[in-house]
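Remarks on the structure that follows.
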Amino acid sequence: MKITVIGTGYVGLVSGACLADVGNDVLCLDVDPAKIAILEGGGIPIHEPGLEDVVRRNVAAGRLSFTTDVVRAAQFGTVQFIAVGTPPDEDGSADLQYVLAAARNIGQHMDGYRVVVDKSTVPVGTADKVRAVLAAELAARADAGGGARGFSVVSNPEFLKEGAAIEDFMRPDRIVVGADDAQAIELMRQLYAPFQRNREKLVLMDVRSAELTKYAANAMLATRISFMNELANLAEVLGADIELVRSGIGSDPRIGSHFLYAGCGYGGSCFPKDVKALVKTASQNGYQLRVLAAVEEANDAQKHVLVRKITERFGEDLAGRRFALWGLAFKPNTDDMRDAPSRVLVAELLRRGATVTAYDPVAMPEAERVFGDLPGLAYAGRPKSALDDADALVIVTEWKEFRSPDFDAIKTRLRQPVVFDGRNLYDPALVRGLGIEYFSIGRA
């Protein structure tokens, strides 16, 4: 099948590469020439384990190619995936300008029947707007003698975890397709047949339900995280251990163990903006999502928990203090720093007069782009180097290489042996038994 993917960001590039890997001919379009140059040169503009190998393999096989040519892209694939960004507007709603621009380009240049697939995370009702844009463009072409063309609009939300996106796409637990006509459904069945050979994974529904399903999934996961963080803060007050509580409730099959880890807040490209967008969608339709409003408020507060613990230990004025920071990305196996808790922590420490030396195995180039030339922030080439002459170590991202550190080095390289663990990586009794002052989340 010939497929066009519009957008070579996280979702678009992963989707295009994986669809090519099962034998389709895929053309990826992006308006950013710099991105296309990187991809055509054999690199990738994002960090995702395994993605570079998949891209290179399919480029070499001739199944995956890249372009900035809008006309070529619109005329290439029978299936046109829209996988562009939907950043939050100032009011929290999703900005659909890039989605609608992609639809407009398709309508202006398509030369036959097209299935236009919303792969981007979009509010309920977006498919109707895409359909209206396509119809308007085709009507204008008909008036100009361009002839009418048929199309279908489908909602096919992605459920990819950063750091495990290739596995998630190639072995999905479900494939949600929202469609209203038999021709589009049949094409989507053919497209996804290679990914569901062992069992039926296609979940068919109407378009609006599919659009809401994506937001509902992310909102539920965000709710679990904020719920556990709230319980963790209560556990500290009550003298309980949130890790034991997590084990106790996670063993209940009605609850399960996923997304029950207390920490210093969630970030990334999905949860923060999707919760905001769903709350805004409800508000625009005269309904208040009270639980999700609280989820967002709790997460914003949780990003300040480590700062509170640090100032309780060292005082509000941190002038002259230096802190080693392990982890900048919002989660391991990615360089994504969008809404990362580290951004709040760094800003607050510097505002109080401290200096920070940070280490992250992947995200430091992205951090340099995000923070710019920020006075007081430096970067270390290795985790141990960040410790030198620091008053304390602060852990924000649970990278594997932080799970079993050299505690003797931590103790001897720091000015004083103090660790603030925002991800509960270590056994408090073990660490304190080594003579290290240890502060974690939700463990008295």
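The values are calculated or read from the model by the stated rules, or taken from the named source; none is laboratory data. Just so it is clear, the model here is predicted, and its values are computed rather than measured. When we count neighbours, we look across all protein chains shown, and the Cβ atoms used for this are built from the backbone with ideal geometry, even at glycine.
Identify, from the list Ala102, Ala83, the residue that is at pLDDT 95 or above and within 17 Å of the chain's Cα centre (by Cα). Give the steps one after another, and end with the answer.
Working: Ala102 fails: within 17 Å of the chain's Cα centre (by Cα).
Only one candidate qualifies: Ala83.
Being on the phi < 0 side of the Ramachandran plot and buried (at least 21 other Cβ atoms within 10 Å of the Cβ) is the requirement here; does Gly85 meet it?
Details: on the phi < 0 side of the Ramachandran plot: yes; buried (at least 21 other Cβ atoms within 10 Å of the Cβ): no.
Considered against the rule, which asks whether it is on the phi < 0 side of the Ramachandran plot and buried (at least 21 other Cβ atoms within 10 Å of the Cβ), Gly85 comes out as no.
Quick check, is Lys384 over 13 Å from Ala358 (Cβ atoms), touching a residue at least 24 places away in the same chain (Cβ under 8 Å), assigned by TED's automatic domain parsing to the domain that holds Leu318 and surrounded by 12 or more Cβ atoms within 10 Å (Cβ to Cβ)? Steps first, please.
On the way: over 13 Å from Ala358 (Cβ atoms): yes; touching a residue at least 24 places away in the same chain (Cβ under 8 Å): yes; assigned by TED's automatic domain parsing to the domain that holds Leu318: yes; surrounded by 12 or more Cβ atoms within 10 Å (Cβ to Cβ): yes.
Spelling it out, Lys384 is indeed over 13 Å from Ala358 (Cβ atoms), touching a residue at least 24 places away in the same chain (Cβ under 8 Å), assigned by TED's automatic domain parsing to the domain that holds Leu318 and surrounded by 12 or more Cβ atoms within 10 Å (Cβ to Cβ).
Looking at segment 6-39 only, could you name the residues that are within 27 Å of Gly268 (Cα to Cα), of a type outside the set (A, V, I, L, M, F, W, C) and surrounded by fewer than 19 Cβ atoms within 10 Å (Cβ to Cβ)?
Gly9, Asp32, Pro33
For segment 164-193, which positions are surrounded by fewer than 19 Cβ atoms within 10 Å (Cβ to Cβ) and assigned to a loop (DSSP other than H, G, I, E, B)?
Listed by number, the residues that qualify are Ala164, Arg171, Pro172, Asp173, Arg174, Asp180, Asp181.
For segment 255-345, which fully contained helices (runs of 4 or more DSSP H) count at least 1 residues that are among the basic types (Lys, Arg) and at pLDDT below 95? Walk me through how you get there before you give the answer.
Working: elements: 271-284, 290-302, 305-314.
Counting at least 1 such residues, we get 271-284.
Which is outside the structural domain of Leu231 (by TED's automatic domain parsing) and out of contact with any strand residue (DSSP E or B) (no Cβ under 6 Å at 6 or more places or on another chain), of Ala294, Ala319? Spell out the reasoning first.
Details: Ala294 fails: outside the structural domain of Leu231 (by TED's automatic domain parsing).
Within the list Ala294, Ala319, the selection yields Ala319.
Sort out which residues of segment 87-129 are β-branched (Val, Ile, Thr) and closer than 15 Å to Asn156 by Cα, and write them in order of number. Outline the logic, then answer.
Kept after step one, since they are β-branched (Val, Ile, Thr), are these residues of segment 87-129: 99, 106, 115-117, 121-122, 124, 126.
If the condition is that a residue be β-branched (Val, Ile, Thr) and closer than 15 Å to Asn156 by Cα, then Val99, Val115, Val116, Val117, Thr121, Val122, Val124, Thr126 are the ones that fit.
Give me the residue from segment 365-407 that is within 17 Å of Leu350 (Cβ to Cβ) and in a helix (DSSP H, G or I) and, out of that set, farthest from the chain's Cα centre (by Cα).
Going through the qualifying residues, I end up with Ala386.
Determine whether Met170 is over 30 Å from Leu100 (Cβ atoms) and in contact with a Cys (Cβ under 7 Å, 6 or more places away or on another chain). Outline the logic, then answer.
Details: over 30 Å from Leu100 (Cβ atoms): yes; in contact with a Cys (Cβ under 7 Å, 6 or more places away or on another chain): yes.
Considered against the rule, which asks whether it is over 30 Å from Leu100 (Cβ atoms) and in contact with a Cys (Cβ under 7 Å, 6 or more places away or on another chain), Met170 comes out as yes.
Residue by residue through segment 173-187, note down the ones that are under 16 Å from Arg131 (Cα atoms) and either under 22 Å from the mean Cα position of the chain (by Cα) or aliphatic (A, V, I, L, M) (or both).
Matches in segment 173-187: Ala179, Ala184.
Where the second residue is surrounded by fewer than 18 Cβ atoms within 10 Å (Cβ to Cβ) and hydrophobic (A, V, I, L, M, F, W, C) and the first is closer than 19 Å to Asp339 by Cβ and lies in segment 216-234, which pairs have Cβ atoms under 8 Å and are six or more apart or on separate chains?
As it stands, the answer is Ala217/Phe159; Leu221/Phe259; Thr223/Val291; Arg224/Phe259; Ile225/Phe259; Ser226/Ala294; Met228/Phe259, since those pairs meet every condition given.
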